[in-house]
Amino acid sequence: MDLTELRNANPDHWSKATAIRALTLDAVHAANSGHSGMPMGMADVATVLFEKHLKFDAAAPDWADRDRFILSAGHGSMLLYSLLYLTGSREITLDEIRNFRQWGAKTAGHPENFLAKGIETTTGPLGQGIANSVGFAIAEEAQRARFGKKIVDHHTYVIAGDGCLMEGISHEAIGLAGRLQLGKLIVLWDNNNITIDGTVALSDNTNQVQRFKAAGWHVIEIDGHDPVAIDAALTAARKSRKPSMIACKTHIALGHAAQDTSKGHGALTDEDQLNAAKQAYGWTTGPFVIPDDIKSAWEAIGNRGATERAAWEARLAELPERRRDEFNRAYAFDVPKRLPATIRALKKQASEAAQKVATRKSSEMVLEVVNPVMKETIGGSADLTGSNNTKTGDLGVFSPEDRKGRYIYYGIREHGMAAAMNGMALHGGIRPYGGTFMCFTDYARPSMRLAALMKIPSVFVMTHDSIGLGEDGPTHQPVEHLAISRATPNTYVFRPADTVETAEAWELALTSKNTPSVLSLTRQGLPTVRTEHKQRNLTAQGAYVLAEAEGKRQAILIATGSEVSVAMKAREMLQADGIGTRVVSMPCMELFAEQEEAYRKRVLPAGPVRVGIEAAVRQGWDRWLLGERGRAPKAGFIGMDSFGASAPAEELFEKFGITAEATVAKVRELLG
Ligand SMILES: Cc1ncc(C[n+]2csc(CCOP(=O)(O)OP(=O)(O)O)c2C)c(N)n1
C-alpha cells in the first residue's frame, strides 16, 4: 500500500483518519494491550461516515433521532473511542483515552453501552452488534410509522468484521433483516481477510457478497481506503430500499510493519515500529497530541448536526402534548398510568374465576390487556407463536407492508431474536418481548446475558418450562435452565404459579428499567392458587406466605410455578395428619434476596423443616434450604437430578417423584 499516494490524493481526509490511527497506536501502547489493527484499517471508512453521513450532534449524544453507529467488531473499541473523543464527546476525554482499558475508565477493553453516551450497545462477543442492529432498525421503522418522519427518521450504521460474519448469529440477523427489508440498515464489512489465527481462508471460503445478496440485501464492493468510493457507496446505500452491505476491502494495521498479517490484529506495542508507522503517515506530534487544526476539523464534524437537532427539537415541541408525552414516556421506560389498574383488574378476575390455566395462556391473557394500553410493546416468537402465546389480537404483524404491526415472526432464530430485542430496547421507545421454549434459552443465551450486562429490560417469554411439557421428551424439557438464568447477574427469573402471579410477574417485568426478565411458563394447566384477591403485587417481594400452617408450624414447603399446587396438596395431606405446614410461593428468588432480612425471616423462620419443590435441578436452592436460618439435617429438595423423558406429563411427575406424596414422605423423613 503506497501511503504517500493515499495521503496526497486526499490530504484533509488523510489527516483526520490518521488521527484515529495515531490515537489507537498510543492508547494500545500505553495500555500494553488492545487491538490496533482494526481501527487502523477502518479509519478511512469511519472518517467518511462521520464526516459526510452520520446524523449526530456531539453535544447531544442521546438525541432520539440521531443515526445509530454500532461497532460490532467490538475489539476495535479504540475506533469508537477515538471518534467520540475527536468529535467532542464530553465523556470520552483525552484522559479517558490515556486510561484505555484501566480500572474505572469509560474506555473499557470492549465498548460498554452504560459507560458513555455514544456507545449504543455493548459489543465484543462477535456477531452481537450486527444482530442488535436489526433491532435498532426495526425500532426506527416502528417508531417512524407511529410518530411520523418528522420525529423519527434515521439510519443504523454497523461496522462488522470477518468474525462477526462468521458467527452463526450473523446468519439469523442477515436473514431477518433481508426479509423485513430494513432499508435504513447499513453494514460496513471490514473485509481485511485477517482473523487471529491467520487469513480467513484458513477456516472460511464463503462468498459474503453473494451470501448477503441471497438474503435480499443490496451489496456494494469498494476499496475501503478510498474516501470518494466510501462516500459514494454510503450515498447509494442510503437510497436503497433494501438493507445494504458495503464490502470495504481494507488493510488491517495499515502502514504498520504488521499490516495484512494476523499479528496486526492485536496489540501493536513495539515502539520502533509504532514510530515508523507514524512517520509513514506523516504524523509528527508526540503521543496523544492531536494538532489543533485536525482536532478543530473533527469538532466541526461533531457539531455538524447541531442545527438539525435544534430543528428536530422544535418539531417535537410542536407535537400535540399527548403524543409528545407518549414519545418521551416510552423513551424513559416509564409505564402508562393505566398499567397498574389494568393488572389489578385482571388479577381480581383471575382470582374470582379460579380457572385451571397453563401459565403460558395466563401470559397471553395478561398481554391481551397490556398491549392495548402499552403501545410501545413489540412482541414476537421464534416460530412458536401458538405455543408461546405471545401474539395478541390487536398487535398486527410487522412487515415491509405494515410498519405499524407490533408482532414479529422471527423465524427459527432464537439467538437473532434475543439480540434484535436487545437492539430495540437500546434504541429506545420500545418494550420488546419475545418467546421460545425455555430449553432454547441455550440458543438465545449469549444475548440474554448481554441484556443483563447492558442493563436493559428485554422480556424473554420462555414457555414449556419443565418435564411438565410431556411427550416432546428430554431434548425439550429444561432441567438446568432456571439455574443458568438465576446464575446470571442482574436478571429476574419469574416462575409464576398461576394467572395472578403471571400478571404480577409481567407488571414487574414491564416496570423494570435496567433488568431483563425471564418468564418461565408452563405448557400444562395449573390450578389457581391465589384465590383471594390482593391489590398488592405479592410477587414483588419475590416470595411470600401463600398458606399458613394451622397449629404448630413444623414444616415449610417452598415451591415455584407448577410445583406450588403440589406443595398445596402436600400441605393438605400433612395438615390432615396434624403436621402444621406453611407453603411459601417463591416466584422470583432474586427479588426475595433483595428484601430486608426482617421480611425474609418472617417468611422463612428458623425451626421447621424445609422442603424446596421445583421440577428442575437443585442448584441455586441451597441458600433457601440451608442458608437463611435453615439447617442441612432439616432440609430437603424435591426436583430433578437427571434429564427428563418422553411420556405424558402426569406420568413423568410420578416417575421422577415430584408429587405431593413424595413431598409428604420427605417432610416425615426430616421430622424424624
Ligand atoms: C464470540 C466471540 N468469539 C471469539 C472472540 C475472540 N476474538 C476477538 S477478535 C477475533 C477475530 C476476529 O476477526 P475479525 O473480525 O476479522 O477482526 P480483525 O482481525 O479484522 O480485527 C476473535 C476470534 C470474540 N471476541 N467473540
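The values are calculated or read from the model by the stated rules, or taken from the named source; none is laboratory data. Every value quoted in this text rests on a predicted model; they were computed, and no experiment measured them. We place every Cβ from the backbone using ideal geometry, glycine too, and count neighbours over all the protein chains shown. These area figures cover heavy atoms from the full protein model, side chains too; ligands, DNA and RNA do not enter into them. Shrake-Rupley method; radii C 1.70, N 1.55, O 1.52, S 1.80 Å.
Listed by chain and number, the lysines whose C-alpha is less than 22 Å from the C-alpha of Lys634, apart from same-chain residues fewer than 8 away, are Lys552, Lys569, Lys601, Lys666. Ordering Ala487, Leu625, His13 by the projection of their Cα atoms onto the charge dipole of the chain, which places +1 on the Cβ of Lys and Arg and -1 on the Cβ of Asp and Glu, puts Leu625 at the extreme positive end. Rounded to the nearest 20, the size of the Cβ-charge dipole of segment 474-616 about its Cα centre is 180 debye, with Lys and Arg at +1 and Asp and Glu at -1. Between segment 378-423 and segment 204-240, how many Å separate their Cα centres? Here the two parts' Cα centres lie 28 Å apart. For the chain, the share of accessible area belonging to carbon and sulfur comes to 49 percent (1.4 Å probe, ligands and nucleic acids excluded).
Relative contact order for segment 1-81 using alpha-carbon pairs under 8 Å, separation at least 6, rounded to a whole percent? Result for segment 1-81 is 33 percent. When only Cα pairs below 8 angstrom with a gap of at least 6 residues are kept, the chain shows a relative contact order of 12 percent.
Between Glu299 and Ser399, the modelled labels are 5.2 nm apart [label points 7 Å from Cα along Cα→Cβ]. When each of the peptides 171-177, 638-644 is scored by how many other beta carbons lie within 10 Å of its residues on average, the order from highest to lowest is 171-177, 638-644. Where only DSSP H runs of four or more residues are counted, the chain gives -13000 deg cm²/dmol as its mean residue ellipticity at 222 nm, each run worth -39500 (n - 2.57). Comparing Ala649, Ala59, Leu84 along the charge dipole axis of the chain, the residue lying farthest to the positive side is Ala649, per the Cβ-charge model.
Using a Förster distance of 30 Å, how high is the FRET efficiency between Ala487 and Ala598, based on the Cβ-Cβ distance and rounded to 0.05? Approximately 0.65, to the nearest 0.05.
Near Asn388, once Lys and Arg are set to +1 and Asp and Glu to -1 for all other residues with Cβ below 12 Å from its Cβ, the sum equals 0. Full extension of the chain segment joining Glu352 with Thr269 gains 22.9 nm, where the gain is 0.36 nm per residue of separation less the Cα-Cα distance. Gain on full extension, evaluated as 0.36 nm per residue between Val209 and Glu91 minus their Cα-Cα distance, stands at 38.7 nm.
In this simple spin-label model, placing a label point 7 Å from the Cα along the Cα-to-Cβ direction at both Asp325 and Glu661 gives a separation of 6.0 nm.
Dipole size of the chain about its Cα centre, with +1 on Lys/Arg Cβ and -1 on Asp/Glu Cβ: approximately 2020 debye, rounded to the nearest 20. FRET efficiency for the Asn8 to Phe288 pair, using the beta carbon distance and R₀ = 30 Å, is estimated at 0.70.
A straight chain from Arg338 to Arg668 at 0.36 nm per residue would run longer than the Cα-Cα distance by 114.0 nm. Could you give the distance between the Cα centres of segment 288-326 and segment 490-519, to the whole Å? The distance from the Cα centre of segment 288-326 to that of segment 490-519 comes to 37 Å. Ignoring lysines fewer than eight residues from Lys278 along the same chain, the ones with Cα atoms less than 25 angstrom from its Cα are Lys16, Lys249, Lys263, Lys295. Given a 1.4 Å probe and the protein chains as shown, Arg445 ends up with an accessible area of around 70 Å².
For segment 162-243, the dipole from Cβ point charges (+1 on Lys and Arg, -1 on Asp and Glu) about the Cα centre works out to 700 debye, to the nearest 20. Computed over protein heavy atoms with a 1.4 Å probe, the accessible surface of the chain works out to 37 Å² per residue. Averaged over residues, the count of other Cβ atoms within 10 Å places the peptides 548-561, 461-474, 352-365 in the sequence 461-474, 548-561, 352-365, highest first.
Sites listed here are trypsin sites (Lys or Arg not before Pro) in segment 140-242 whose DSSP assignment is loop and whose Cβ has at most 16 other Cβ atoms within 10 Å: Lys149, Lys150, Arg241. Placing dummy labels 7 Å off each Cα toward the beta-carbon, the span from Ala632 to Gln575 is 3.4 nm.
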